[in-house]
1. Take residue 356 and decide whether it is among the acidic types (Asp, Glu), out of contact with any helix residue (DSSP H, G or I) (no Cβ under 6 Å at 6 or more places or on another chain) and modelled with pLDDT of 95 or more.
2. When the range 116-149 is examined, which residues are found to be hydrophobic (A, V, I, L, M, F, W, C), modelled with pLDDT of 95 or more, within 21 Å of residue 288 (Cα to Cα) and surrounded by fewer than 23 Cβ atoms within 10 Å (Cβ to Cβ)?
3. Just give me the residues in the range 57-74 being in a loop (DSSP other than H, G, I, E, B), free of Cβ contacts under 8 Å to residues at least 40 places away in the same chain and among the acidic types (Asp, Glu), in sequence order.
4. Criterion first (in contact (Cβ under 8 Å) with a residue 40 or more places away in the chain and in contact with a strand residue (DSSP E or B) (Cβ under 8 Å, 6 or more places away or on another chain)) does residue 202 satisfy it?
5. Which residues, counting only those in the range 18-51, are part of a helix (DSSP H, G or I) and small (Gly, Ala, Ser)?
6. Output the residue which, of all residues in the range 321-358 that are free of Cβ contacts under 8 Å to residues at least 12 places away in the same chain and part of a loop (DSSP other than H, G, I, E, B), is surrounded by the most Cβ atoms within 10 Å (Cβ to Cβ).
7. Spot the failing condition for residue 60; the list is (1) over 22 Å from residue 13 (Cα atoms); (2) of a type outside the set (A, V, I, L, M, F, W, C); (3) at pLDDT 95 or above, and only one is missed.
8. Would you confirm, using the coordinates I've provided, whether residue 54 is in a strand (DSSP E or B) and not assigned by TED's automatic domain parsing to the domain that holds residue 349?
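The values are calculated or read from the model by the stated rules, or taken from the named source; none is laboratory data. Note that the coordinates shown come from a computational prediction; the quantities given were computed from them, not determined experimentally. When we count neighbours, we look across all protein chains shown, and the Cβ atoms used for this are built from the backbone with ideal geometry, even at glycine.
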Amino acid sequence: MTKLGVGVIGAGSIGIRAALAHLSLEDVQHRVHLAAVCDAVPGRAQAAAERFGVAAGYDSLEELLADPNVDLVTIGTPIGLHFDQGLAAIRAGKHVHFNKTMSITADEATTLIDEAAAHGVKINASPGNMVRPVNRAIRDLVRSGEIGKVAWAAVGAGFGNYHENEDVRSGNDLLSNVNPSWYWKKPGGGPMYDMTVYGLHTLTGILGSAKRVTAMSGISVPTREFKGEPFQTEMDDNTFLLVDFGDSVYAFVYGAAHGLIEAEWGQPNIYGSRGTLLGTKLNGNPVAHVGSDDPRPHSAQGRHAVGEHLNLEEIHVYEDIMQLIDLVQTGTPLYGTAEHARHVIEIFEAGYRAAETGQTQTLTTTFEDVA
């Protein structure tokens with residue numbers, strides 16, 4: 001097995017917590033080494049390299065992509081940058097893991113998929129929620145008719161003040177004063193691309209591709225503040241979709257400025273004619289699944305999220321990165337496919353368009369299940 005050199009694009013919240021912290025642990029060193037990290041904030045990449053034992057720290061993406069020791073990159077920059085940076089990485093011959101979402105539009109996602117194929121590199125995108133054994137078990141229960149005819153589902157997330165309160169925002173040095181204001185800016189800000197994406201990946205993984213979307217959307221909190229400095233909210237922070245899965249199966253999907261429907265994080269509630277799935281519980285009882293009593297190393301987040309990794313944050317993102325590494329090194333199929341990510345992106349994109357025009361939007365993309 002050829003050891004891969006990993007480049008981390010962005011030494012902010014996700015880059016630190018999901019990539020550098022995990023990939024610097026001893027248990028993965030036989031498979032990967034941290035070859036490089038880059039960040040546009042002067043000195044931040046160098047500080048991250050020193051803390052996590054990365055071979056090189058760069059101030060620019062171009063320097064990282066020119067590094068011959070980098071075989072694969074994980075992109076942890078603001079969402080609005082993912083398409084351009086991912087395209088550059090693909091054209092530089094690097095395998096690419098995209099943090100959610102891989103792009104802003106479905107057309108951009110298609111370009112990335114096509115370019116990766118043309119350049120002979122592999123790509124995947126977070127969140128790969130169907131890697132969780134319980135979600136595949138729920139999918140099988142629903143499709144086998146265990147809860148009868150599905151009538152509707154609900155899933156979503158509330159923004160609140162989560163990002164302002166992350167540990168990487170609370171300090172005064174380069175690795176702990178990361179400004180979160182981009183989460184409320186265009187393009188790529190707002191709770192849909194950032195938070196609702198988890199639950200919608202799970203819901204579509206269970207129910208399959210959606211058909212149509214209608215929506216209402218707006219800005220609820222026009223002015224926000226970070227460390228005493230006010231800034232304007234540009235991207236809608238209060239968005240509500242009605243998604244049509246066909247056969248009169250509908251889903252309420254939301255990204256709210258505050259509050260959320262009581263549910264397990266990233267898990268939908270699904271209501272059928274003979275039963276109800278609330279998160280990972282079927283009619284009040286936990287869903288049984290392979291992995292819950294599996295003696296092999298395997299957590300609820302996937303087969304790599306074990307041991308010391310369970311004491312760190314953003315375990316699910318680390319699992320997604322390792323899924324791509326598995327694909328490159330051993331050919332193991334992905335759970336977080338780029339095609340699934342593209343479909344979720346199209347739902348968001350169509351939802352904003354529906355809210356703006358007042359017209360229901362027909363979706364054009366689909367994706368295939370991964371067993």
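1. Working: among the acidic types (Asp, Glu): yes; out of contact with any helix residue (DSSP H, G or I) (no Cβ under 6 Å at 6 or more places or on another chain): yes; modelled with pLDDT of 95 or more: yes.
So residue 356 fits the description; yes.
2. Scanning the range 116-149 gives 141, 142, 147.
3. Listed by number, the list holds a single entry, 59.
4. Taking the combined requirement at face value, the residue satisfies it.
5. Scanning the range 18-51 gives 18, 19, 21, 45, 47, 48, 49.
6. 332
7. The single condition residue 60 does not satisfy is (1).
8. Considered against the rule, which asks whether it is in a strand (DSSP E or B) and not assigned by TED's automatic domain parsing to the domain that holds residue 349, residue 54 comes out as no.
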